[in-house]
Amino acid sequence: MQERAAGVSVGKLSLTAFRSYDQLRLGVDRRPVVLTGSNGAGKTNLLEALSCLSPGRGLRGARLTDLGKRGAAAPWAVAAEVDTIDGPIRIGTSADPESVGDRRTVRIDGGTARGPAALAEVFSMIWLTPAMDGLFRESSSSRRRFFDRLVFAHDPLHARRLGAYERAMRERARLLKEGRRDPAWLSALEETMAETGIAVAAARRDLADRLSPVLAEGIAPFPGAGLTLEGSLETWIAEMPAVDAEQRFRDSLEASRPRDAEAGGAAEGPHRTDLAVVHRETGMEAYLCSTGQQKSLVIALLLAAARLEARRRPPVLLFDDVVAHLDESHRTALFSTVLELGLQAWMTGTDDDLFRPLAAEAQMFHIGDGQARRHEFV
Ligand SMILES: Nc1ncnc2c1ncn2[C@@H]1O[C@H](COP(=O)(O)OP(=O)(O)O)[C@@H](O)[C@H]1O
Ligand SMILES: [Mg+2]
């Protein structure tokens, strides 16, 4: 029997006018949660609702305006009671009635938080979806988003710093585009970018350093892997103290104003970092690996991060439609890792039988008709 001493889990979940759901209430404990149902039943929608309890756009990367139930009068809302190391905390997020754009309101224990980044300070959530199989063939921004989510789990302030960096960068880009060369204003924004940017790079590096030995080992039959962060900031923080790296970045921003005014964004910065992954056994770069190997590598990365954080800041795991795409040995390893780490994992699939090995350990629900019904294996 695995120990479940320290743990973080979602206890109660409620959805209002979210995607296909009118109103859903679900009570679970910290054991794994299995959601099965036919295609289109609402399994992914439910995991997506959970993923909105963390910063960013959720596991579909959807626009907030798509989250509301079509035709519903009420604004969408997701609320949960989360058991954290510091006790139970109520959190919630909903469409922002004041805003026509892509904004949402976040509440933590009854108070309005300044933004979604605050959710990462309460607890963390990491997920895997079939779309992530293509991670190593996609743009570097997908890999950065994937890795940053792991850093959210590792460092509760990372989301806030990343948000501050991106806001300052957008503001600077707007000034440059409008041709407003107000040097004091630009310098102030570049100061913020340098400070938060170097902190973002340092947090990513800290995770990469700690993750590397866990990742190298692998969780058989998932492969061992090597991981490197690549970018100018990564070079600078490796070569000089953080204050010097900040100065170096500030100088680079100032020098690239004319170029950035033309091209937008910023020539250098943590928004340009890429993640290079190597399949350890074959020495092959991940993007050259077979589709199956790439899928295994993504899961290996995620499980390594889960293992690393399990005793520190245990994340909640969301595996959408992952289990059905694994062969039996990988499926068994995934289940046993989840159980061994004692993390709350939410897993979806169409086929009950695939989850039979978890029957004694998991809470099973059938999803259908906008409801979740508890069931047991017979
Ligand atoms: N904003 C929305 N309002 C109402 N229904 C939606 C909305 N977005 C998606 N849906 C519906 O949700 C269903 C898909 O649910 P999903 O959770 O992806 O199913 P699955 O159980 O296969 O994972 C589809 O039938 C889709 O039409
Ligand atoms: Mg689905």
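The values are calculated or read from the model by the stated rules, or taken from the named source; none is laboratory data. All values derive from a computational prediction rather than experimental measurement. FYI the Cβ positions are ideal-geometry reconstructions off the backbone, even for glycines, and counts take in every protein chain you see. Heads up: the accessible areas ignore ligands, DNA and RNA and are worked out on the full protein's heavy atoms, side chains in. Shrake-Rupley method; radii C 1.70, N 1.55, O 1.52, S 1.80 Å.
Can you compute the radius of gyration and Dmax for segment 142-309, using only the Cα atoms, both in Å?
17.7, 57
List every residue whose amide H lies under 5 Å from the amide H of Trp346, counting only residues 5 or more places away in sequence or on a different chain, with H placed 1.01 Å from N in the peptide plane.
So Trp346 has HN proximity to Val33, Leu317, Leu318, Phe319.
Using a ≥ b ≥ c from the Cα gyration tensor of segment 117-173 (square roots of the eigenvalues), is it rounded, prolate or oblate, where a/c under 1.5 gives rounded and otherwise the larger of a/b and b/c decides, a/b for prolate?
Oblate is the answer for segment 117-173, as a/c is 1.5 or above yet b/c matches or exceeds a/b.
Among residues other than His325 whose Cβ falls under 13 Å from its Cβ, what is the net charge (Lys/Arg +1, Asp/Glu -1)?
It works out to a net charge of -4.
Let me test this: with uniform point scatterers at the alpha carbons of segment 217-287, what is the Debye-based log₁₀ I(q)/I(0) at q = 0.28 1/Å?
For segment 217-287, the Cα-only Debye profile gives -1.17.
From the Cα gyration tensor of the chain, with a ≥ b ≥ c the square roots of its eigenvalues, which class applies: rounded if a/c is under 1.5, or else prolate if a/b is larger than b/c, or else oblate?
In terms of gyration-tensor shape, oblate.
With a 1.4 Å probe and every protein chain kept in, tell me what percent of the accessible surface of the chain is carbon plus sulfur.
The computed percentage sits at 49.
Each residue of segment 243-258 in order: what ³J(HN,Hα) in whole Hz does its phi give by Karplus 6.51 cos²θ - 1.76 cosθ + 1.60, θ = phi - 60°, with x for Gly and Pro?
3J(HN,Hα) across segment 243-258, in whole Hz: 4, 6, 5, 4, 4, 4, 5, 4, 4, 5, 5, 4, 5, 8, 3, x.
Given the C-alpha centroids of segment 184-238 and segment 279-305, what is the distance between them in whole angstrom?
What the calculation gives is 19 Å, centre to centre.
Can you tell me the accessible area per residue over the chain, all protein chains present, probe 1.4 angstrom, in square angstrom?
44
Which value at 222 nm does the chain reach when only helices count, each DSSP H run of 4 or more adding -39,500 (n - 2.57), with the total divided by all residues and rounded to the nearest 500 deg cm²/dmol?
Computed ellipticity for the chain at 222 nm equals -12500 deg cm²/dmol.
What does the charge count near Ser94 come to, summing +1 for each Lys or Arg and -1 for each Asp or Glu among other residues with Cβ under 11 Å from its Cβ?
Overall, the nearby charge balance is +2.
Taking N as the number of residues in segment 125-213, what value does Rg over Cα atoms divided by 2.2 N^0.38 Å take?
The reported ratio for this selection is 1.30.
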